[in-house]
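The values are calculated or read from the model by the stated rules, or taken from the named source; none is laboratory data. Keep in mind it's a predicted model, so treat the numbers as computed, not measured. For neighbour counting, all protein chains shown are included, and Cβ atoms are generated from backbone atoms with ideal geometry for every residue, glycine included.
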Amino acid sequence: MQLPTSTEIVEDLAFFDDWEQRYQYIIDLGKQIPGLSAEAKTSEKLVKGCQSNVWLDYHLHDAKFQFDVDSDAVIVQGLLVLVLSAYHDKSAHEILDFDMDAYFKALDLERHITPTRGNGLRAIVGKIRQIASVV
């Protein structure tokens with residue numbers, strides 16, 4: 001899966017004049033990821049703490065994490081891409097060292113999503129960091 005980098009996403013979002021255009025960009029990003037098959041959407045892969053259903057799966061390839069995600073909400077699918085742009089195809093060390101707070105601040109994202117979406121986003125980040133810390 002080829003994703004834009006976190007730097008590219010920050011630059012792309014800055015290009016848009018308003019948040020309606022930014023939301024559309026985020027939704028379009030979400031449409032680019034393949035999602036998971038129905039069989040892969042198991043309760044073990046369900047991320048707890050999200051308002052919408054979010055499933056997260058991963059495997060390692062050459063000591064780098066490859067993530068597969070899916071959600072039943074279109075905007076969440078796009079928010080997942082924002083997170084994956086920072087974590088996909090990265091080592092555990094790179095994941096744990098990435099400053100997600102600074103990234104979200106650069107995106108000015110949390111001011112423009114609901115608190116429950118923000119909590120869900122933090123749950124996804126927490127789950128990925130937990131995986132990286134034990135593998």
Condition set touching a residue at least 12 places away in the same chain (Cβ under 8 Å) and not hydrophobic (A, V, I, L, M, F, W, C), scope the stretch 62-78, selection farthest from residue 39 (Cα to Cα): answer is 64
- prompt: Do we have any residue at all in the stretch 24-34 that's at pLDDT below 95, within 12 Å of the chain's Cα centre (by Cα) and in a loop (DSSP other than H, G, I, E, B)?
  reply: yes
Quiz item: Taking the condition of a type in the set (Val, Ile, Thr), in contact (Cβ under 8 Å) with a residue 40 or more places away in the chain and surrounded by 16 or more Cβ atoms within 10 Å (Cβ to Cβ), does residue 81 pass?
Solution: yes
Checked pairs for the stretch 3-22, first modelled with pLDDT under 95, second of a type in the set (Lys, Arg), C-beta under 8 Å and 6 or more apart or across chains, list as 13/22; 16/22
Kindly establish whether residue 86 is over 11 Å from the mean Cα position of the chain (by Cα), crowded, with 16+ Cβ neighbours inside 10 Å and either of a type in the set (A, V, I, L, M) or part of a strand (DSSP E or B) (or both). no
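Does residue 58 qualify as being part of a helix (DSSP H, G or I) and more than 18 Å from residue 118 (Cβ to Cβ)? Steps first, answer last, please.
Values: part of a helix (DSSP H, G or I): no; more than 18 Å from residue 118 (Cβ to Cβ): yes.
Spelling it out, it is not the case that residue 58 is part of a helix (DSSP H, G or I) and more than 18 Å from residue 118 (Cβ to Cβ).
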